[in-house]
Amino acid sequence: MSAPAERVRLAGAEDPRAAPFRALREPRALAAAGLFAAEGRLVLERLLAPGARFGLRAVLATPGLLDALAPALAARPGATPCLEASEAEIAEVVGHALHRGGVGLAERGAALAPEAVVAGARGRPLLVLERVADPDNLGALFRSAWAFAAGGVLLAAGGADPLYRKAVRASMGAVLELPFARVACWPGDLAALRAAGYRVVALAPHAPLALAALAPGAPTALLLGSEGEGLSEAALAAADSRVRIEVARGVDSLNVAAAGAIALHHLAALEAACAS
């Protein structure tokens with residue numbers, strides 16, 4: 001049965017009831033506790049949606065944001081603890097300024113297996129990322145992958161955490177919607193994608209084939225590398241083909257998030273052409 005949210009006014013930033021939110025100051029400790037931070041109305045609404053993958057444990061927010069979330073909070077089973085505070089109090093508790101009215105503590109839950117992400121994609125494009133370290137870039141890549149109907153994201157070790165607060169925020173909640181998994185053996189696990197019927201296409205600035213020349217074919221796993229060095233030689237060697245995005249003379253490359261968005265849009269157009 002649904003129940004009203006347990007909404008109480010915070011008695012200042014030192015109120016003991018705010019203690020769980022102080023863990024936001026230590027991202028690694030927060031992750032080790034199986035939690036992550038979800039900032040702002042849009043992201044919190046995704047966590048409150050029926051069938052959401054991640055559970056929302058508690059909310060610390062301004063009165064205005066709690067009012068906006070009230071219908072969704074009231075509709076979920078059980079009561080959700082909600083602390084009401086000013087923006088200044090919230091910033092003092094969590095250790096940084098929030099510009100979206102509040103933050104929730106959400107449960108990471110069990111990690112997905114790569115094979116589950118591949119199976120669930122059902123032939124839709126997959127985004128495969130090697131050492132994308134900037135959380136804003138990572139979040140933007142998730143946002144583009146979701147916008148262009150990719151089936152999921154696979155991540156090699158060494159990259160940013162998709163559930164770090166900046167990545168969640170930059171993704172506009174896409175990391176809460178799009179299945180993702182870490183791969184254990186890199187780049188050896190790319191062979192499993194090939195076995196599942198995918199072609200592995202690496203995006204590299206100086207590749208011999210232009211992205212625009214990529215022909216329709218098998219489902220595509222799009223491989224992108226780190227912001228500075230790009231894809232490793234091992235990852236490039238494991239790809240079935242390499243493609244580049246053509247840019248103006250004198251321009252070396254695009255930001256990885258921008259490149260990923262362009263490539264994902266192209267793959268979506270290829271799928272639409274094949275379906276028509």
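The values are calculated or read from the model by the stated rules, or taken from the named source; none is laboratory data. What you see is a predicted model, and the numbers here were worked out from it, not measured in a lab. Cβ placement follows ideal geometry from the backbone for every residue including glycine, while neighbour counts extend to all protein chains displayed. Each accessible area value is taken on the protein alone, full model and side chains, heavy atoms only, with ligands, DNA and RNA left out. Shrake-Rupley method; radii C 1.70, N 1.55, O 1.52, S 1.80 Å.
General observations
- Check on LEU190, touching a helix residue (DSSP H, G or I) at 6+ places or on another chain (Cβ under 6 Å) and within 29 Å of ARG108 (Cβ to Cβ): yes
- When the stretch 4-17 is limited to residues that are within 21 Å of LEU48 (Cα to Cα) and aliphatic (A, V, I, L, M), the one that is most open to solvent (accessible area, probe 1.4 Å) turns out to be VAL8.
- Residue match in the stretch 61-68 (condition: open to solvent by 40 Å² or more (accessible area, probe 1.4 Å) and farther than 16 Å from ARG7 by Cα): no
- Selection of first residues in the stretch 78-92 that are in contact (Cβ under 8 Å) with a residue 60 or more places away in the chain and of second residues that are open to solvent by 30 Å² or more (accessible area, probe 1.4 Å) and assigned to a helix (DSSP H, G or I), restricted to Cβ pairs under 7 Å at least 6 apart or on distinct chains, gives the following pairs, ordered by first then second residue: LEU83/ARG17; GLU84/PRO63.
- Scanning the stretch 263-273 turns up one or more residues that are within 18 Å of ALA145 (Cα to Cα), of a type in the set (D, E, K, R) and modelled with pLDDT under 90.
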